[in-house]
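Structure record follows, encoded as structure tokens.
The values are calculated or read from the model by the stated rules, or taken from the named source; none is laboratory data. Quick caveat: nothing in here was measured; it's all calculated off a predicted structure. Cβ coordinates were reconstructed from backbone atoms using ideal geometry, including for glycine residues, and neighbour counts include every protein chain displayed. The protein model used for the area step is the full one, side chains on, heavy atoms only, and it has no ligands, DNA or RNA in it. Shrake-Rupley method; radii C 1.70, N 1.55, O 1.52, S 1.80 Å.
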Amino acid sequence: DVKVTQSSRYLVKRTGEKVFLECVQDMDHENMFWYRQDPGLGLRLIYFSYDVKMKEKGDIPEGYSVSREKKERFSLILESASTNQTSMYLCASSLSGRGAYEQYFGPGTRLTVT
Amino acid sequence: AQKVTQAQTEISVVEKEDVTLDCVYETRDTTYYLFWYKQPPSGELVFLIRRNSFDEQNEISGRYSWNFQKSTSSFNFTITASQVVDSAVYFCALSEAKAAGNKLTFGGGTRVLVKP
């Protein structure tokens, strides 16, 4: 079974702090994704990566950056956390290739910025 | 640009009733893929089904069935004889074949509450 793990289920940070969210997958997937989930808005893509050290902006990249130094690990960084970044953050991974493969999701990190 | 609309934000049913979740999509691509995911209260999204744009056959898996109609750009999901364990948020999603990294665009989700 594919397993995607995230470093924390719940996190509370103060405004202005630098925040790191870590995601690890164990199925050698090429693609990895970071989403945020807010009520009524569904999941919105922040960033994704299709290879080590490669990244592309999603729909809402402002205020975030990412790092992928190893294939299995994809980090989301909030350079200076703000209250409007309070949200549920979901990491996902998938195979790459012709056709769209299903994404496998981690359990999520609920981040509160005070 | 691609878009997925789930008009129903919340549906409440009594156990054993059938429930149908609507999903309407927009895309300019001729090749695309549609997905349904379930998010139970635990929070982790669970993949349910993937269909490609060339396969309009309906699918049944146990109490779940899906109706894909290209003519109306819809990919609806029906739970037959609902159970309390079906209570969850359900998301419809779309991926265009040309999209880099197999990106998904999600609908806003439909919360299903099944009462005993």
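Quick rundown of the values:
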| item | result |
| --- | --- |
| Strands (runs of 3 or more DSSP E) wholly inside chain B that include at least 1 residues being without any contact (Cβ under 8 Å) to a residue 24 or more places away in the chain and touching a Pro at 6+ places or on another chain (Cβ under 8 Å) | B:46-52 |
| Candidates B:Ala97, B:Ala93 - the one that is open to solvent by 30 Å² or more (accessible area, probe 1.4 Å) and within 9 Å of chain A (Cβ to nearest Cβ) | B:Ala97 |
| Among the residues listed as A:Arg73, A:Arg110, the single one being facing another protein chain (nearest Cβ under 9 Å) and out of contact with any helix residue (DSSP H, G or I) (no Cβ under 9 Å at 6 or more places or on another chain) | A:Arg110 |
| Number of the exception - B:Val46 against (1) of a type in the set (A, V, I, L, M); (2) modelled with pLDDT of 95 or more; (3) closer than 29 Å to A:Thr5 by Cβ; (4) open to solvent by 30 Å² or more (accessible area, probe 1.4 Å) | (2) |
| Some residue of the range A:78-87 being at pLDDT 95 or above and within 14 Å of chain B (Cβ to nearest Cβ) | yes |
| Residues of the range B:5-33 classified as within 13 Å of B:Ala93 (Cβ to Cβ), of a type outside the set (S, T, N, Q) and at pLDDT below 95, total | 2 |
| Flag for B:Thr78 being modelled with pLDDT of 95 or more and touching a Ser or Thr at 6+ places or on another chain (Cβ under 8 Å) | yes |
| B:Asn52 being within 14 Å of the chain's Cα centre (by Cα), surrounded by fewer than 17 Cβ atoms within 10 Å (Cβ to Cβ) and more than 14 Å from chain A (Cβ to nearest Cβ) | no |
| Any chance B:Val112 is in contact with a helix residue (DSSP H, G or I) (Cβ under 7 Å, 6 or more places away or on another chain), at pLDDT 95 or above and either open to solvent by less than 70 Å² (accessible area, probe 1.4 Å) or within 23 Å of A:Leu41 (Cα to Cα) (or both) | yes |
| Check on A:Tyr10, open to solvent by 40 Å² or more (accessible area, probe 1.4 Å), touching a strand residue (DSSP E or B) at 6+ places or on another chain (Cβ under 8 Å) and closer than 12 Å to A:Gly108 by Cα | yes |
| Matching residues in the range B:3-43 - criterion: being within 9 Å of chain A (Cβ to nearest Cβ), closer than 20 Å to A:Val4 by Cα and open to solvent by 60 Å² or more (accessible area, probe 1.4 Å) | B:Ser42 |
